[in-house]
1. Given labels modelled 7 Å from the Cα in the Cβ direction, how far is it in nm from T210 to E29?
2. When Rg and Dmax of the Cα atoms in Å is calculated directly from the model, which label among (1) 22.4, 82; (2) 26.4, 107; (3) 22.6, 65 fits?
3. Just to confirm the number: angle between the C-alpha axis of helix 159-187 and the first principal axis of the chain, 0 to 90 degrees, nearest 10?
4. Test of the criteria: in the range 1-89, which trypsin sites (Lys or Arg not before Pro) are in a DSSP loop and have at most 13 other Cβ atoms within 10 angstrom of their Cβ?
5. Would you kindly compute the Cα radius of gyration of the range 329-397 and its largest Cα-Cα separation (Dmax), both in Å?
6. For the residues L403, L450, what sequence is obtained by ranking on other C-beta atoms within 10 Å, fewest first?
7. By how many nm would the segment from L394 to I69 grow when fully extended, if each residue of separation counts as 0.36 nm and the alpha-carbon distance is taken off?
8. Please compute, for the alpha-carbon atoms of the range 278-477, the extent along each of the three principal axes and give them in descending order in Å.
Amino acid sequence: MQKFIPTIITFLPLAGASVILVVNKANTETIRRLALVASVVTLLTSIPLFVCFDAADPGIQFEQTADWIPSLGITYHVGIDGISLFLVLLTTFLTPLAILSSWNSIQQRVKEYFVFVLVLETGMLGVFVALDLFLFYVFWEAMLVPMYFLIGVWGGQRRIYAAIKFFLYTMAGSVLMLVAIITLYFLNGGVSFDFPVILSGLHSGRVMLTAAQQYWLFLAFFIAFAIKVPLFPFHTWLPDAHVEAPTAGSVILAGVLLKMGTYGMVRFCLPLFPEAALQMAPLISVLAIVGIIYGALVAMVQPDLKKLVAYSSVSHLGFVVLGIFAFNAQGMEGAIYQMLNHGISTGALFLLVGMIYDRRHTRLIEDFGGLATPLPLFSAFFMIVTLSSIGLPLLNGFVGEFLILLGAFTANVPRGVVAATGIILSSVYMLWMYQRVVFGDVKDERNRALTDLSLREKSIMIPLVVLIVWMGVYSQSFLRKMDVSVNQLLDSFHSTAVVLKSTAQMKIERQD
């Protein structure tokens, strides 16, 4: 039965959404409870993936394959390895918290809202478990629609602008990726969209890509993923989407959707196009470093809490891309770990901003000050999450940033030195923001009357803080399960790149 777990957890939220559709829209409390139950059951069903995962097996586990459209070579092929395992768990963990955060704040079109949240969860999970390129593309596009409506219907004042911008940016990248997928399909003889089959053909020499083909196909995939990350200079949609999205939308967007871009780079760009990845790595690393420093500097001057956290994502995801394109085990494991760290810490920051917004209906930093007096518990949680975001030792952010910088220094010392300044800048803008919001005298009497966290809000924050400390103190419980998969990916990447280089050199010598 284990092989069916990825399918079950992928479609459980969709089943929950289907049940909600038949419930009378006036029964809002029932709808909320059904959405929460569906997401919690999905989380509980995903736990066996962690418990039963064999850390010594480098291959795909919990694998299921079935014919879907045989005439076109399209299969329903799903499974996980050490790279996708924790991203699946991150998705199932954050979705119930996002639903709880929307319990009181969403009062209009409640039924439609929770249906879209659950459909979005199915799309995200499908992206992380899909092993057929066509299936991957279907899930990639499927998650775009519910997020568009979550921003466009339940967002802020400029929600339509933000939703359309998000949709157009993502669609532009998706079209490029679709062209690349179809091209790979025909280069593979027009027989299969299955990723392992295409990868095997490339490794065996049955499918041959010229240097130009590798370059353009890599670029098509990479731009689609870079927009989703978002990597500088493709980042301009993100602040608008984050600021206008409802709290749950921001949590899912920052916590999971952005990781789909970095996951795509690891899963597809490196194994399929190693030579092009090596050639483009210096430029991509420079863009990542620019994003790290630019995101931090822009975050430093933001007057809006949500926009500050949004620009911090541009900076933090730059570290992830830098670790991926270091092409060593430390950088790669640090990148995957930092994906999880960012999902937990930034998701928690958006939840805390949402909680204070529900009370004061403002996100401007200047409207706060002295919140430690009326909101001591909120301030304590805010402090822990802020420190985790800047990479304090014994909290989760430190492990990921340390490994990424270790990998970056190993690959290229000057790039590592410049990237390290991003950690200093992140401390500046996060601690300065915390000081202005929490410390000092209470500036506004309306802030003095605020109530501290409710039981529901405590139940949201406690699991996040526990995970922040666990990942910071006992990181090996996570890293051990990704070791073998990461090493196999890098060994295959380096060996294929060496073969391709030697083949290209032989051709040049023959021409001479």
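Any read-out appearing in this document is the output of simple, stated calculations on the displayed coordinates, not a laboratory observation. Bear in mind that the values here come from a model prediction, so they are computed numbers and not experimental data. Cβ atoms come from the backbone with ideal geometry, glycine included; neighbour counts cover every protein chain shown.
1. With each label point 7 Å from Cα toward Cβ, the separation is 6.9 nm.
2. (1)
3. It works out to around 20 degrees.
4. Details: sites: K3, K25, R32, R33; in loops: K25.
Those satisfying the criteria are K25.
5. Just the Cα atoms of the range 329-397 yield Rg and Dmax of 14.4, 46 Å.
6. The order, fewest Cβ neighbours first, is L450, L403.
7. 112.1 nm is the gain from fully extending L394 to I69.
8. Cα spread of the range 278-477 along its principal axes, largest to smallest: 58, 35, 21 Å.
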